[in-house]
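Participant: Handing you a structure now.
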Amino acid sequence: MEMEQITIQVDAKAARAFKSASEEQRRKLEVLLSIRLSEVTRTRESLKAIMNEISQKAEEHGLTPEILMALLNED
């Protein structure tokens, strides 16, 4: 898959969590976001269905709900 860098606006807490994450955790978050953006633009599925699928794919790539919450709660 070809990758391209983009810039997005997020709240300060999310930015701090991303910046302080390990390289591996950042890659997982990038995969999660990439999947989410791709799904939203490709389908007419409900948001809940899309979120469930993304959650499943993220967990398959090692990003558990606990890891995500820990990243988001870091200060």
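The values are calculated or read from the model by the stated rules, or taken from the named source; none is laboratory data. Not measured: the values here are computed from a predicted model. Backbone-built Cβ (ideal geometry, glycine too); neighbour counts: all protein chains shown.
Participant: Report, by residue number, each residue of region 52-71 that is surrounded by 13 or more Cβ atoms within 10 Å (Cβ to Cβ) and either in contact (Cβ under 8 Å) with a residue 60 or more places away in the chain or not in a loop (DSSP other than H, G, I, E, B) (or both).
Facilitator: Glu53, Ile54, Ser55, Lys57, Ala58, Glu59, Ile67, Leu68, Ala70, Leu71
Participant: For the subset of region 5-33 comprising residues that are in contact (Cβ under 8 Å) with a residue 12 or more places away in the chain and of a type in the set (S, T, N, Q), which member is farthest from Met69 (Cα to Cα)?
Facilitator: Step by step, filter region 5-33, then rank; the result is Ser20.
Participant: Do you know which residues across region 26-63 are modelled with pLDDT of 80 or more, over 10 Å from the mean Cα position of the chain (by Cα) and of a type in the set (S, T, N, Q)?
Facilitator: If the condition is that a residue be modelled with pLDDT of 80 or more, over 10 Å from the mean Cα position of the chain (by Cα) and of a type in the set (S, T, N, Q), then Ser38, Asn52, Gln56 are the ones that fit.
Participant: I would also like to ask the following. Of all residues in region 1-51, which are assigned to a loop (DSSP other than H, G, I, E, B) and surrounded by 13 or more Cβ atoms within 10 Å (Cβ to Cβ)? Quick ask: steps written out before the conclusion?
Facilitator: Applying the first criterion (assigned to a loop (DSSP other than H, G, I, E, B)) to region 1-51 yields 1-11, 21-22, 43-46.
Of everything in region 1-51, those that are assigned to a loop (DSSP other than H, G, I, E, B) and surrounded by 13 or more Cβ atoms within 10 Å (Cβ to Cβ) turn out to be Ala21, Glu45.
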